[in-house]
Amino acid sequence: MHRGKGMKFVGDSRVPAVRKPNIPKDYSEFPGKTEAFWPNFLLKEWMVGAVFLIAFLCLTVAHEPPLQRIADPTDTGYIPLPDWYFLFLYELLKYRYAAGDFTVIGALVMPGLAFGALLLAPFLDRGPERRASKRPVATGLMLLGIASIFFLTWQSVDSHDWEAAEKQGEIREELAIEIDETAEGYQILTEQTCLSCHATNLQGTPGVGANLLDNPDYTVEEYIDIAKNGIGEMAGGIFKGTDEEAQILGEYLVEMNEQAAEAE
């Protein structure tokens, strides 16, 4: 460009004059150091993923899932347990300042701070060093988090009553009888909160309530006495109904036991 002669466009090196196909670079000069993303690297990733997927499918076929009985919202004695990857959070809620009045702290605040720190780690520690020994703060926090997760998971598994949980969750054989939930006797059981221990199918909860369909020799009077005065681990005074309701309840349970005996 010359003064007084105007401006001339001489070209822009950033725009290619001839479009060329997108051909990956030749990495033969750098063996073992780098490779093309497509198809070399991506193919290896797919192969590793396929191996893990096939191994997981074989595992599901070889080992049956630990199924339990159908969830019963009236069973207040059942102790649920989350999957293994949430056991550390489950155990955290047992501690004093993470449970009860402080549940919000254990359920939201503490996990939120921990996982939020992981998301912010690249922005909080921007040092050029890659060795763990050269980044003591980040390494220390990561080791602390891993150790906490391992300890809480182990503590949760060690303190859980697995035998009681297996009995509570076992799939019991259902009797071939129909339970009419509109029956007057069943309604009395519901109103008196008897089903919280004896379950909606009247077959009881292991370790909590007895099976009400396994007493073919009980009479109406015996059922009335048990409802008012209790038996075994069942305390008396739980039944708050009238004498008429107790009579209806006793007759209902005798009838249901007769049907259960015939079904067997």
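The Rg/Rh ratio for segment 84-169, using Cα coordinates for both the radius of gyration and the Kirkwood hydrodynamic radius, is 1.11. Highest mean packing comes first when the peptides 154-161, 89-96 are listed by Cβ atoms within 10 Å, giving 89-96, 154-161.
Using equal-weight Cα scatterers in the Debye expression, the normalised intensity of segment 190-246 in log10 at q = 0.19, 0.30 Å⁻¹ is -0.68, -1.50.
Taking the Cβ of each residue in 194, 58 as the centre, tally the other Cβ atoms inside 10 Å and list the residues starting with the fewest. Don't jump to the answer; show the numbers that get you there.
Working: 194 21, 58 10.
In increasing order of surrounding Cβ atoms, one gets 58, 194.
Residue-wise HN-Hα couplings along segment 224-229, as the Karplus relation 6.51 cos²θ - 1.76 cosθ + 1.60 with θ = phi - 60° gives them from phi, are 5, 5, 5, 4, 8, 10 Hz; Gly and Pro carry x.
No value in this document is a laboratory result; all are computed from the given coordinates. Please read these numbers as outputs of a predicted model, since none were measured by experiment. FYI the Cβ positions are ideal-geometry reconstructions off the backbone, even for glycines, and counts take in every protein chain you see.
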